[in-house]
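The values are calculated or read from the model by the stated rules, or taken from the named source; none is laboratory data. Since this is a predicted model, take the numbers as computed values, not measurements. Cβ coordinates were reconstructed from backbone atoms using ideal geometry, including for glycine residues, and neighbour counts include every protein chain displayed. Protein only, heavy atoms only, side chains kept; ligands, DNA and RNA dropped before computing areas. Shrake-Rupley method; radii C 1.70, N 1.55, O 1.52, S 1.80 Å.
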Number of protein chains: 4
Amino acid sequence: MSSANVRVEEARQRRLETHPPLTENPADLDRTDPARHIAETAEAVRNWGRWGEDDRLGTLNFIGDAERAHAATLVRRGASFSLSQPFDMNGPQQGWRRRTNPVHTMLDTGTDAAAGTQGFPHGIGGADDVIAMPLQCSTQWDGLGHIFDRGLAWNGRHAGQVVTSDGDLITGIEHAASVISGRGVLLDVGRHLRPETGELDDGYAITVADLESCIAAQGATSAVGRGDLVLVRTGRYARALREGWNGYAGGPSAGLSFTTAGWLHRTEIAAIATDTWGFEVRPNEFDDAFQPLHQVVIPNMGLTIGEMWDLEELAAHCAADGVYEFLLVAPPLPITGAVGSPVNPIALK
Amino acid sequence: MSSANVRVEEARQRRLETHPPLTENPADLDRTDPARHIAETAEAVRNWGRWGEDDRLGTLNFIGDAERAHAATLVRRGASFSLSQPFDMNGPQQGWRRRTNPVHTMLDTGTDAAAGTQGFPHGIGGADDVIAMPLQCSTQWDGLGHIFDRGLAWNGRHAGQVVTSDGDLITGIEHAASVISGRGVLLDVGRHLRPETGELDDGYAITVADLESCIAAQGATSAVGRGDLVLVRTGRYARALREGWNGYAGGPSAGLSFTTAGWLHRTEIAAIATDTWGFEVRPNEFDDAFQPLHQVVIPNMGLTIGEMWDLEELAAHCAADGVYEFLLVAPPLPITGAVGSPVNPIALK
Amino acid sequence: MSSANVRVEEARQRRLETHPPLTENPADLDRTDPARHIAETAEAVRNWGRWGEDDRLGTLNFIGDAERAHAATLVRRGASFSLSQPFDMNGPQQGWRRRTNPVHTMLDTGTDAAAGTQGFPHGIGGADDVIAMPLQCSTQWDGLGHIFDRGLAWNGRHAGQVVTSDGDLITGIEHAASVISGRGVLLDVGRHLRPETGELDDGYAITVADLESCIAAQGATSAVGRGDLVLVRTGRYARALREGWNGYAGGPSAGLSFTTAGWLHRTEIAAIATDTWGFEVRPNEFDDAFQPLHQVVIPNMGLTIGEMWDLEELAAHCAADGVYEFLLVAPPLPITGAVGSPVNPIALK
Amino acid sequence: MSSANVRVEEARQRRLETHPPLTENPADLDRTDPARHIAETAEAVRNWGRWGEDDRLGTLNFIGDAERAHAATLVRRGASFSLSQPFDMNGPQQGWRRRTNPVHTMLDTGTDAAAGTQGFPHGIGGADDVIAMPLQCSTQWDGLGHIFDRGLAWNGRHAGQVVTSDGDLITGIEHAASVISGRGVLLDVGRHLRPETGELDDGYAITVADLESCIAAQGATSAVGRGDLVLVRTGRYARALREGWNGYAGGPSAGLSFTTAGWLHRTEIAAIATDTWGFEVRPNEFDDAFQPLHQVVIPNMGLTIGEMWDLEELAAHCAADGVYEFLLVAPPLPITGAVGSPVNPIALK
C-alpha cells in the first residue's frame, strides 16, 4: 500500500471510529429520512482519493494481473455461459426517461440480394444493419458517471464538470475497456432463500445476513473478497421469462438492501451485478426515494454495477456442480464518454 | 466425427480429387475472371451440411469446451488487452452504404444534475445515454448472414429467406453469443515482413506463404489449428493512429489474398480477424471486384470474420515476450437478428 | 384530357359496365372473403396509367395551379391551424413493427452553455438536437410506396423493384414535396353523427351515406370534388386527449368503411386524412384482415393518405363559423426514398 | 400598442439616444473586439419583454391574422415551390458537433413483400421506415433556444433553465407550430450584385446598403416590413448543386454582415432565411469569432432564422415575372422541446 493510500485508509479508520456503525438491519432505517442515512453511509464507504486524484476506475482497481491469472485457473471444463439478455424490441423498456428497447434496422438485406438490386459484381450480395438504443436498454454496466451524490461524481469531482452533453469527459466507460475480467462469484440468493421456486418476492430487501448465509450455504467456492466480480441472482428475470416483463423495468423487485453498503465496501469487491433492472430493492426502503444505494455506492465508493443480467443458465450449472466461482470476462464497449455500456458477459467454468 | 460428417468429408475429398488444386500464388489469378475463381474456390472450401442442416455457427463449431479449457491455461501473467478501437464520431466511417460513425447522445447529464433540474429526491442525480450506430462502424464481427454468394447464404440457404428487413431470421449473431472464446493466435505479418516499420504497404496481398513463414518465425506458440481464433496484424491501424484515417474505411490496404481461402479452410480455424476495414487486400485482386474472399468464406465456409480490431498493444506485448497465443474472449452483443456486432475483444495472457 | 387519358378512361368505363357495381353498404360484405372484395374493388378503382407510365404522384395529380389559386381565396380571416399532434415520447406508439415514439436528444444544452463548457468565444452558447423516429410515429402522410397489393405497387409496378432497403426508388415521398397544398375540406363526421359528444364509437364504419349526409348537413362549403384534400374527423383523437391513448395506435377505432373506395375514387379527391391511427375502421370489416382499404386505395388508386392528424381546433372553428373549406398546406419532408413523412399540416381560413 | 409595449419602446428609444448609433459599414468594425460590438448591438436590438414575460415566439409575434390574410392574396397563379433541400445521406454534414446527414432505414420493404415474408393476410404488403437525424441537418429553422448570449436565452431567461438535456422547456419549437406562415419576400442579392452568375463570393458580407439596393432594384413587390418572412439568396447553394458541397456546412460563404442587425430589428420582420449553412457571412467579421450575428439576433431580438433553404427554383420564377412576394407557409414539426426543426417551406405565388 502506497503512503498516500495509507493516509487515506487512516483517515477512513478515524472517521469510522468517530461515527456510529452503519446498521445492517433494514428495520433500523428511518423510512422518513433518506437524506441522513445516505449522508452517513456515503461518508462511511467513501473511497475518494484511494487510487489517486486522477482515478477513473474506482473499485475496478481491486482487479490486478494476479487476480485475473488466478481467475483463469478456475476454468476447468471450458463451459461457456453468456449472461446477456437479448437486445431487441421485445425487451422490458417502456419509455421511462426516454429509454426504449433497441431499434435494429437493416441497411441491406438478403431479399434485396436475391432480387439482384444491390449493384455488386460477380454475384456477391450483402446485408448490413444499424441500431439505435439506450446504453442501458438491456444487459449493461453502469459507468462511474451514471450517478451523482448531491452534485458530486466519483472521486469528489463536480458532476457538471464530469458529464456534459458531450458525455462523460473523465470517467467515460472506455477507460474500463480492458479491466473488467476476473474471478466471478455467483450468489444465488433466490435459490438459497427460496429453494422451492428459486425466486424472491418483489420488494424483498436482500440483507448482509442473507448474503453471508448464502455464501455459507453454497460453500467455499462462494467466498467473496477483494477484486471479485459478484453476481447476485434474485430470480426476477426467471419470472419475467415465464410471465412476461410485468414491470421488470422500474417496477417492484427484490434487490440489495440499502444496508448492504458497508458489506459492499469492506469486502473490497470490484463490481457487482444482478438479474434485476435496478440492482437495489424496489420499492426502495425510504418513503420518498429513488435508488439511494446507487447514490451511495457509485459516486462515493466508485463501485461498478451491472444490471439486467441473465444468470439462469449459469445458476443452474452452479447448482448442479456446486461450484460458484468462474472466470468472468465482461468488457464494456469502449464508447467514448459513455456513462454505461451494453455488455455480453461471458462466464467460463 | 459423426457418420454424417464422414460423408460430408468424403464428398469434399472426392470433389477435391476431381478439381485442380486451388492456386496459392496470387500471380496465377486471372484478374479478368473473378466469377470463375470464386466459383472454383467456393466449391473447394464449402462446408455446407458439415454441422447439420440446422447449423447457425459454421466454423465456430470447431471450438468446444476442451478448446476453451486449454485456452484458459494460456493465461499466465493475467495481463489483459482490449482489442477494440474507440466507438465515437472520430471514427473512420464516411457514409458509404449509410455507414456512419456512432452518434452518442445524452439523455441526462451532470450539468443538469448540478443545475438541479432533474426532479429526483434526496440529492441523487443521474446521467444516461443513447447511441445510434451501424453494427459495423468500428471493431466488429461479421455474422454469417452478412454476405451471400450468388443468392445463397451460409449452409446453402436462400438469402431472401435468411435476411429480410426483420433481420437475419436464422443465423442472427445472437446464436454466437456464448461461443466466441478460445485460443487466440496473433500472426503479426506486418512486423514479420517489415521488421523496420511493422506496416505492410497498401495493396499488399498476404499469401499462404507469408502466413506460414510468419508462423515459423514467431515460433511454436503461433501454430495455427482447429478451433483457433486467428488475428492477423497488417499495421494498417498503426498508420491510421499516426496519420489519420486516410481511407481506412474502404480504401487501399494490405489484407489477405484471395488465394488464402484454402489455408483458411484446411487449418480449420474457428474465426479470423484483422486490423483493417476489410480483412482482404484492397484493391481486390480482380479488375472488377468487391470483396471476393468474403463471398467465398462467409457463405460457403461459414467463417466468422472480425474487422477493425486494434492489435497494437497486444502485438507489442507478444513481440516482447515471444508468446503469440492467449485466451481470447470476444462475445458479440446478442442483438436479435443482427448480421454483425460491435465487440470489445479481450485477450488474456 | 389527353388522348392517352381518354383511352384509360374508356377502358375503365368498359370495365365498370361489365362488373357488378361495388356495394356501398357494409352489411353486403362477405366477412369471410376479403380477397374477392379486394380484387373486385381494386379493379374498379384502379388508376394505373391514368397519369402516364412514369407517374409518381397518383391522385395528387388532381391538384393543379388553378386549384391552389382557388384554395388561396378561401383564406379570409387569416386564422392559422396546425393539424399536427406532438412529436415526443408521450406519443401512442407501443413498438408494433418496431414503431417507437420519437426519441429526441440534445447534442448541446443551455445548462452546458451556462456551465461554460462549450468552448465557444465571446460568450456565445448553443443548443443542438437530434431525433430518431419512425416516419409514421405521429401525424404523417403515407407515401405511395407504403402499401402493396399482391406484390404490386402504385401504377402496377413490382413492389420489389420499387421499395428495397435503399428506400422507395421510384415513388419516394420527395416527389410530392411541392404538391400537397390546395383546398381542404373538413367532414366532421363525429359531430355530425354524434352531436352530443362529437365522437364515434370504436369499430364504427363510416359509410358513403354518412359522408354524403355530413356534406349535406354541413352545407355548401363542404362540397367535395376533384383535387380536394379531405379531412375526416371521427373524434378518436379527442378521446385520446381526454382519456389517454388506450390503443390509439392499432386498436379499435371508427374509420372509413371498406365500402367507401368507390366514393374516394369517383370524387377524384387528391388526398384524405383522418384523426385516427389507421384511416379505415378497426377492427376491419373482414374476419381475417389487415387494412384492406389501404390495399385497394394506395397501390391501385394512387391515393395519398394522412393519419393521426389533430383536427380538434380546426373542427371547433368550422363548427363555430359554419365554413368547412380552407387552404391546406401540408408538405411532406422531402426525405429521399421515404414511404411516409411526418408533417405539420397548416390550415388557413 | 399596449401600455407595456409603449414603455418597452420608450425605454429602447432612450437607450438608443444615449448610445452611438450602430455602424452599418463592415469596415467600421474592430475585428479584434467582438465582445464590445456584440454587447452594444445586442443592447440596441434587444426585444426582451416586448411581448410579455411569458413570450415564446419573439419576432414571430409580428405575424397576425391580418398579415396572413393579406399574404394569401398574393397567390395569383397557384404556382407552388418547395424550398427544401433533400434529406438524405448525400447531404452536406461532415460530423461537426455530431451533426450527421440523415440516416433513413427501412423497417419493411417491397422486396420482402414480394418475397412473401411479411405474414399479412389477403395479399397486402407494406413498407415502413425510420430516420435518425440532427434537427439541423438540412433545411431548417433555428428555434429560439438554439443560441445563448453570455448565458442568457430569449427574453432574458437563464440558458440553463431553458434548455436542459430534456430539451427546450420553455421556447421549444412546438410553440411555433401554427404561426410561421405569411408574406414571403425574396431578396435575390446574388442575382442583384452579380447578375452574370447570380452567386456571391465566399466571405462576402451582405450589408444594409446591399439589402436596400436589392429591394430598390427588384421593385415594389420586394418592400420589406413588419411581419414579413424574408428570404435572402446568396447563390451558395446553386454552386453546391453544381460543384458539390465543398465545405457548404461550416466553410466560407457569403452571408449577412454583422452590421445588418439594426436593419433586421427596425424592419420588424418576423423571420429570415438564407440558402447558406450559417445565415451570416463566413468567415465571420471578427478575428476570433463564432456566429456573432446569431448571438445578437436569436437570444436578444428573438428572431427566428432559417438555414440551408433551396431558393433556386423560386428565384428563377421571381426573376422571370418580376414579382418577389408570395404566400410562404413554413411550419416546423412540433417536436416537443426542440431547438430547431427540419422544414419543407412552401411558397405559393
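Per the Debye calculation on the range D:37-190 with a single equal scatterer at every Cα and no solvent contribution, log₁₀ I(q)/I(0) for q = 0.09, 0.21 Å⁻¹ amounts to -0.51, -1.33. Computed from backbone phi, the HN-Hα couplings of the range A:133-147 come to 7, x, 6, 10, 7, 9, 3, 7, 9, 7, x, 5, x, 6, 9 Hz, rounded to whole numbers (Karplus: 6.51 cos²θ - 1.76 cosθ + 1.60, θ = phi - 60°; Gly and Pro given as x). Highest mean packing comes first when the peptides C:253-260, D:165-172, D:108-115 are listed by Cβ atoms within 10 Å, giving D:108-115, C:253-260, D:165-172. Note on C:R226 and B:E53: the model spin-label points, each 7 Å out from Cα along the C-beta direction, lie 6.1 nm apart. Modelled this way, with points 7 Å down the Cα-to-C-beta line, the labels at A:A319 and A:S213 are 1.8 nm from one another. With the label put 7 angstrom out from Cα along the Cα-to-Cβ vector, A:A66 ends up 3.6, 8.6, 9.3 nm from the copy partners, going from closest to farthest.
Taking every alpha-carbon pair within the protein assembly as shown, the share separated by more than 55 Å comes to 28 percent. Report the antiparallel proportion of the DSSP beta bridges in chain C as a percent, rounded to a multiple of 5. For chain C, the DSSP antiparallel bridge percentage is about 65.
Under 14 Å of direct C-alpha separation, and excluding same-chain neighbours fewer than eight residues apart, C:K349 reaches these aspartates and glutamates: C:E313, C:D321, C:E325, D:D65, D:E67. Each peptide in B:321-332, C:298-309 receives the mean, over its residues, of other Cβ atoms within 10 Å, and ordering these scores from highest gives C:298-309, B:321-332. In the full protein context, chain D carries 31 Å² of accessible surface per residue, based on a 1.4 Å probe and ignoring ligands, DNA and RNA. Our helix-only sum for chain B, with -39,500 (n - 2.57) per DSSP H run of n ≥ 4 divided by its residues, gives a mean residue ellipticity at 222 nm of -7000 deg cm²/dmol. Remark: mean inter-chain Cβ contacts per residue of A:48-61 equal 0, using a 10 Å Cβ-Cβ cutoff to other protein chain atoms. Given in Å, the Rg to one decimal and the Dmax to the nearest whole number for the Cα atoms of the range C:145-191 are 15.0, 43.
Projection of the Cα convex hull of the range A:10-112, averaged over all directions and equal to a quarter of that hull's surface, yields 14.7 nm².
Within the protein assembly as shown, what percent of beta bridges assigned by DSSP are antiparallel, to the nearest 5? The antiparallel proportion sits near 70 percent. Cα centroids of the range B:134-165 and the range B:298-349: 19 Å apart. Buried surface between chains B and A: roughly 6800 Å² of accessible area, summed over both sides, computed with a 1.4 Å probe on protein heavy atoms only. Over the Cα atoms of the range D:64-138, the radius of gyration divided by the Kirkwood radius equals 1.22; this is the Rg/Rh ratio. Ignoring ligands, DNA and RNA, please state the percent of accessible area on the range A:16-164 from carbon and sulfur, probe 1.4 Å. Result for the range A:16-164: 49 percent of the exposed heavy-atom area is carbon or sulfur. Averaged over peptide C:178-184, the number of partner chain Cβ atoms lying within 10 Å of each residue's Cβ comes to 4.
For chain D, the Cα-based Rg and Dmax, in that order, read 21.0, 78 Å. With the simple spin-label model, which puts each label point 7 Å out from Cα in the Cβ direction, the C:D30 to A:H158 separation comes to 7.8 nm. Here is how far apart the D:D287 label points are across copies: 5.9, 6.3, 8.5 nm, shortest first, using a point 7 Å from Cα toward Cβ.
Partner shielding of D:140-147 amounts to 3, given as the average count of beta-carbon atoms from other chains within 10 Å of each residue beta-carbon.
As a length-normalised measure over Cα pairs under 8 Å and 6 or more apart, the relative contact order of chain C settles at 29 percent. Across the identical copies, the 7 Å label point of A:S213, projected outward along Cα→Cβ, sits 6.9, 7.2, 9.1 nm from its counterparts, in ascending order.
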